1. Does the range 98-144 hold any residues that are assigned to a loop (DSSP other than H, G, I, E, B), small (Gly, Ala, Ser) and crowded, with 17+ Cβ neighbours inside 10 Å, and which are they?
2. Within the range 102-125, does at least one residue satisfy the condition of being within 29 Å of Gln48 (Cα to Cα) and among the polar types (S, T, N, Q)?
3. I'd like the residue in the range 106-136 that is out of contact with any strand residue (DSSP E or B) (no Cβ under 7 Å at 6 or more places or on another chain) and either among the aromatic types (Phe, Trp, Tyr) or without any contact (Cβ under 8 Å) to a residue 12 or more places away in the chain (or both) and, out of all such residues, is nearest to Phe36 (Cα to Cα).
4. Considering Val28, Val47, Val18, which residue is out of contact with any Gly (no Cβ under 9 Å at 6 or more places or on another chain) and hydrophobic (A, V, I, L, M, F, W, C)?
5. Filter the helices (runs of 4 or more DSSP H) completely within the range 10-71 down to those with at least 1 residues that are within 22 Å of Ser126 (Cβ to Cβ) and without any contact (Cβ under 8 Å) to a residue 60 or more places away in the chain.
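We did not get these values from a lab; they are worked out from the coordinates using the rules stated. Everything numeric in this text was worked out from a predicted model, so none of it was measured. When we count neighbours, we look across all protein chains shown, and the Cβ atoms used for this are built from the backbone with ideal geometry, even at glycine.
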Amino acid sequence: MALPKKYQTGRHLLSKLVQHAANLEEEVTWHEFNDFAVAAYHLCEWVQNDAATTKAARCELDLLRNSLQIQACRDAANSYKHMTIKQYTPKTKSTDVQEGWGIGRYGKGGYGTGEEDVVLSMVDGSKFNALDLARQVVELWNNFFNKHFPVI
């Protein structure tokens with residue numbers, strides 16, 4: 001199935017990614033983070049398959065795709081889709097989701113349960129809080145698009 005022309009660009013998916021990040025700024029949930037992770041990782045495919053992508057952009061895309069932030073998004077997206085990742089060795093060791101009194105940001109989330117705290121623990125020992133990871137990934141993609149696909 002072909003998408004409508006209006007939605008056939010990486011910039012469109014980038015705007016979707018930015019919207020998911022804005023939703024996470026309002027309230028962190030595992031489901032919203034997963035939607036963000038799917039968009040963040042699939043942007044790689046959109047850029048790879050875009051006829052307007054230059055050789056320089058493809059080289060930089062390979063670096064971006066291998067960044068720990070995008071790898072974390074890849075693992076989150078694939079673990080949600082497949083339950084268990086068997087196609088490759090993930091860079092994410094585990095994901096911990098907690099909620100309840102004293103968890104998450106003050107004033108966020110439902111009364112009595114609060115906001116979820118989503119933390120991805122990486123194989124190398126580093127950890128990403130979902131909101132911080134989303135901010136980093138949006139910055140990576142914005143920098144990439146501003147460099148290789150500037151708005152005219």
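1. The answer is Gly104, Gly109.
2. Checked the range 102-125: at least one residue is within 29 Å of Gln48 (Cα to Cα) and among the polar types (S, T, N, Q).
3. That would be Asp132.
4. After applying the criteria, what remains is Val18.
5. Because the criterion is at least 1 residues that are within 22 Å of Ser126 (Cβ to Cβ) and without any contact (Cβ under 8 Å) to a residue 60 or more places away in the chain, the helices (runs of 4 or more DSSP H) in the range 10-71 that meet it are 30-49, 55-65.
Every residue, every condition in (1) under 22 Å from Cys44 (Cβ atoms); (2) of a type outside the set (Gly, Ala, Ser); (3) out of contact with any helix residue (DSSP H, G or I) (no Cβ under 6 Å at 6 or more places or on another chain), yes or no:
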| site | (1), (2), (3) |
| --- | --- |
| Trp101 | no, yes, yes |
| Gly107 | no, no, yes |
| Val118 | yes, yes, no |
| Met122 | yes, yes, yes |
| Ser126 | yes, no, yes |
| Asn129 | no, yes, yes |
| Ala134 | yes, no, no |
| Glu139 | yes, yes, yes |
| Phe149 | yes, yes, yes |
